[in-house]
Amino acid sequence: MNKHFVIVGIALTIVGLGACGSDGADDSGPTAEFSEPADGATVAGGVPVEMVAQGITIEEAGEVNDGAGHFHVIADAGCVDVGEGITKDGDHVHFGKAQMSGTIYLEPGSHDLCLQVGDGVHEALDVTDTVTVEVGIGSRDEWCAVVGEVDGLFAANDEEEEFAAQQGIVENARRLLTQLGASTEFVDESVRADVEETVAMTLEFSAAIAGAADEAAAEAALAPLYESSPDGEEIAAAWIADTCGVDIND
């Protein structure tokens, strides 16, 4: 057989196989994507998230409807296996009111985030995206901005009546406090020890509340802490008020 005919025959076979597997249909299925933060972004304070989806309806949790679900953001645990329930805690944030944006709170360091759509009862769907972000404070202005975020969370906590909701808010504040405590090089050296002591004390209070089994357990854990107010608390509060414009005693 002429070798040129053999080559042409093989080529036609390959082309034919390619045509069989490409009929113009879109097999990509629904998708979800972070529009914010960008992969590799560096963020101080709460991490704003913006989420978009294609080919699936984003709706409130509650009912399971074909082709519909809502967003979840999972930190440092990877995406959930399809069909498994997505738990709810500080590292598994639910956007069950069909929100397309929000804020998550993380301690300083590098974090892998998974955006995953779950159905109406929070079972994981195969609709995901992932990014990595670096969380940390890089300037005095950012340090002051995070102090303001913490103050805002504690103000929101004061207005919340349900203890479980209070715990969630305080846990978010605790994570921001760890950012502040890790970045005290942006505090004037003359008051740095006082600020560090005040941040550490506030962290203890926050951890006691966020980690308590119930309200009674929180009160018991807080009782000894009330007796150990740091000597430099007033100095720290005055510096923060003068430098950052935030009254932490208000």
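At pLDDT 95 or above, of a type in the set (A, V, I, L, M, F, W, C) and assigned to a strand (DSSP E or B) - does that describe any residue in region 143-153?
No, region 143-153 has no match at all.
Taking region 29-70 as the region of interest, how many residues are of a type in the set (Asp, Glu) and more than 29 Å from ALA173 (Cβ to Cβ)? So that I can check it myself, show each step before the final result.
Going through region 29-70, the residues of a type in the set (Asp, Glu) turn out to be 33, 36, 39, 50, 59-60, 63, 66.
Next, from what is left, pick out any that are more than 29 Å from ALA173 (Cβ to Cβ): 33, 59, 63, 66.
The total comes to 4.
I need the strands (runs of 3 or more DSSP E) fully contained in region 1-116, keeping only those with at least 2 residues that are modelled with pLDDT of 95 or more and small (Gly, Ala, Ser).
On the way: elements: 31-36, 47-54, 68-75, 92-95, 101-104.
Per the criteria, 31-36, 68-75, 101-104.
The values are calculated or read from the model by the stated rules, or taken from the named source; none is laboratory data. In this text, all values refer to a predicted model and were calculated from it rather than measured experimentally. Methodologically, a virtual Cβ is constructed for each residue, glycine included, from the backbone with ideal geometry; neighbour enumeration extends over all protein chains shown.
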